[in-house]
1. Limited to the stretch 16-27, what total is found for residues that are among the hydrophobic types (A, V, I, L, M, F, W, C) and surrounded by 15 or more Cβ atoms within 10 Å (Cβ to Cβ)?
2. How many of the residues in the stretch 1-15 are closer than 24 Å to G73 by Cβ and either loosely packed, with under 14 Cβ neighbours inside 10 Å or assigned by TED's automatic domain parsing to the domain that holds Y78 (or both)?
3. Specify the residue that is farthest from the chain's Cα centre (by Cα); the eligible residues are those in the stretch 34-88 that are among the aliphatic types (A, V, I, L, M) and loosely packed, with under 10 Cβ neighbours inside 10 Å.
4. Working only within the stretch 42-64, note down all residues that are of a type in the set (V, I, T) and either within 21 Å of G11 (Cβ to Cβ) or in contact with a Leu (Cβ under 6 Å, 6 or more places away or on another chain) (or both).
5. Restricting attention to the stretch 16-24, does a residue exist that is among the charged types (D, E, K, R) and outside the structural domain of T88 (by TED's automatic domain parsing)?
6. Report, by residue number, each residue of the stretch 25-58 that is without any contact (Cβ under 8 Å) to a residue 12 or more places away in the chain and more than 16 Å from L75 (Cβ to Cβ).
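The values are calculated or read from the model by the stated rules, or taken from the named source; none is laboratory data. Here the structure is a predicted model, which is why all the values come from computation and not from measurement. Methodologically, a virtual Cβ is constructed for each residue, glycine included, from the backbone with ideal geometry; neighbour enumeration extends over all protein chains shown.
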Amino acid sequence: HTSDRAINHEGINLWHREANLTNLHAPLELDLNNEWPIDKVDAIYTANTFHIVSWQLVERFFDGVKRHLNSDGMLCIYGPFKYQGEFT
């Protein structure tokens, strides 16, 4: 399941229609300012998120991970990170 703020669903739905795959689900509305629209999941993936949201929302993301990711689940974070002042 993809998830994003409602304002971005139109574009996600266009990609889904173009892909025309039977295993794609409509995007979930997820705004880090609000409660998550899920119970427990086996995996959470986020890409290119943390550099464009406030520190408060990064903290809220990890609070959501604690509440919604199964204890044996996997969290995968992709994005532009710096280590020792250099982008990875």
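1. Residues that pass the stated criteria total 1.
2. The number of residues fulfilling the criteria is 2.
3. Within the stretch 34-88, the match that is farthest from the chain's Cα centre (by Cα) is I52.
4. I44, T46, T49, I52, V53 - these are the residues of the stretch 42-64 that are of a type in the set (V, I, T) and either within 21 Å of G11 (Cβ to Cβ) or in contact with a Leu (Cβ under 6 Å, 6 or more places away or on another chain) (or both).
5. There is at least one residue in the stretch 16-24 that is among the charged types (D, E, K, R) and outside the structural domain of T88 (by TED's automatic domain parsing).
6. Once the filter is applied, which keeps residues that are without any contact (Cβ under 8 Å) to a residue 12 or more places away in the chain and more than 16 Å from L75 (Cβ to Cβ), the stretch 25-58 yields N34, E35, I52, S54, W55, Q56.
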